[in-house]
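We did not get these values from a lab; they are worked out from the coordinates using the rules stated. Source: prediction; values computed, not measured. Don't worry about glycine lacking a Cβ; one is built from the backbone with ideal geometry, like all the others, and counts go over all protein chains shown.
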Amino acid sequence: MRNISVAVLLAVFALLQGCKPKASATVSEWDQFQDPYFKVTFSYPKGWVVVKDTRKVSVFSSAETMDKFFDFDERKKDGVKIEIAAEKSDSMQDYVKYIQSYKDDRAAAGFTVKEIEQAKIDGQPAAMFTYSGNYNEATKVTAIRIATLKDSTIYSVEFAGLNAAFDQYRFVLDSVLATLVLPRPVIIPKGVDPSLPLEQTEKFSNAILELQYPANFSPSEMPKKGEVEFSMRLMGYRQDCTMDIDVRPAKKLTVEKVADQNVKIYKPTSRGTATLSGEKAIYFDYSVVKGVNSRVYFAVKNDKIYRVTMNYYTPMKSSFLPAFEKVVASIRVK
C-alpha cells in the first residue's frame with residue numbers, strides 16, 4: 001500500500017507540475033521606435049530586431065525568430081513578432097469592417113478565430129480579435145490583430161507568438177499599445193505660408209538625443225563623416241532653411257576650447273552663449289551664402305561635442321530664427 005501511495009503522489013505531483021503556467025519572459029530595458037517617414041512612435045524591448053518600411057514596421061524578439069516566421073522550421077527558436085502598419089482608406093472603410101474582413105480571411109485559411117472585441121489605439125476606438133492555428137505539427141501561432149481609423153488611414157497592430165512565446169511575451173503588446181502614438185495631421189491655418197515653421201511640433205527621439213521640431217519639417221539621417229557618430233537634418237519646404245545636428249568625440253576638450261578651434265573656420269560676425277541640454281553652449285553667427293544667414297552652436301556633454309547648425313533665408317529671419325531657437329532649447333542629450 002505504501003508503494004502504491006507513493007506512486008499516486010508522484011503521479012499527482014507530475015500532473016500539477018504539468019499544469020503550471022509557463023513563466024513570463026522578462027525585459028530589462030526598452031527602446032523607442034521612431035522613423036522620419038513612418039511617423040509612429042512606441043516602446044519595444046531593447047535588442048529586438050526591427051525591420052522598417054515606409055508604411056510598416058515589424059519587430060521580432062530575435063533574428064532566429066524572424067527566420068522562423070518565414071520558414072516555420074521547428075528547430076529554430078520560438079518568439080514573437082509585433083507589426084504596426086498603415087494603409088490609406090480612400091473609401092473611409094470602417095475599422096470594424098476592416099477587422100471583420102481580416103477575421104473572415106483568417107477563418108477561411110483554417111485558423112480558429114474569436115469574436116471581435118472593443119479596444120483602443122492611441123486613445124482612438126479600435127476593434128480587435130484573436131486567432132490561432134498550426135503551421136505544422138510542432139509550430140502553433142497565436143495572434144491578436146487590432147485596427148483603428150484615423151485621418152483616412154487604417155492603422156493596424158498585430159502581435160503574434162509561436163507556441164508558448166505568445167503567453168510569455170503577452171505583456172509586450174500591452175506596453176506597445178500603452179506607448180503607441182499615431183501620426184498627427186499637419187494643420188496649416190488658412191492664409192499661412194506653408195514654408196514657415198508651424199507652432200505645432202513633432203518629437204524626435206533616439207538613443208542619442210530627443211527634441212521637438214516644427215510639424216511641417218521632416219527629420220532625416222545624414223551620412224556620417226570621419227569621427228561623426230550621429231548626424232541628422234531638419235528641413236521643411238525651403239531648402240535654404242535647415243537645421244543640422246551632429247555628434248562627435250570631444251576628447252576631453254571643453255566647450256571654450258572647441259569654440260576657439262572653430263573661430264578661424266566660421267569667421268563669425270558675432271558670438272554669444274546659450275544653453276543646450278543643461279550645458280553651456282557657445283554660438284557663432286556667420287554668413288557663407290548671399291541672402292542666407294547661419295548660426296552654429298557648440299556644446300560638450302558626456303565627452304562628446306554636440307554641434308547644431310542652422311541656416312535661414314535672411315528676409316524671413318523673424319519667422320525662422322525664433323523657431324530654430326526653440327528647437328535648440330528643446331534638445332535633451334541622453
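Structural remarks
- Over the chain: helical MRE at 222 nm, DSSP H runs n ≥ 4 each giving -39500 (n - 2.57), nearest 500: -7500 deg cm²/dmol
- Rounded D (µm²/s) - segment 201-333, Kirkwood Rh over Cα pairs, Stokes-Einstein at 25 °C, 0.890 mPa s: 163
- The candidate values were (i) 1.05; (ii) 0.95; (iii) 1.32; the one computed from these coordinates for Cα Rg over 2.2 N^0.38 Å carries the label (iii).
- When the alpha carbon coordinates of segment 22-179 are projected onto the principal axes, the ranges are 44, 36, 26 Å, largest first.
- Tail beyond 27 Å, pair distance distribution of segment 101-255 (Cα, percent): 50
- FRET efficiency for the pair Ser28 and Lys334, taken as 1/(1 + (r/R0)^6) with r the Cβ-Cβ distance and R0 = 25 Å, rounds to 0.90.
- Taking a point 7 Å from the Cα of Lys304 along the Cα-to-Cβ direction, the residues of segment 251-279 with backbone N closer than 17 Å to it are 251-255, 276-279.
- Candidate lysines for bridging to Lys317, where Cα separation is under 28 Å - those fewer than 8 sequence places away on the same chain excluded: Lys190, Lys203, Lys264, Lys267, Lys280, Lys290, Lys326
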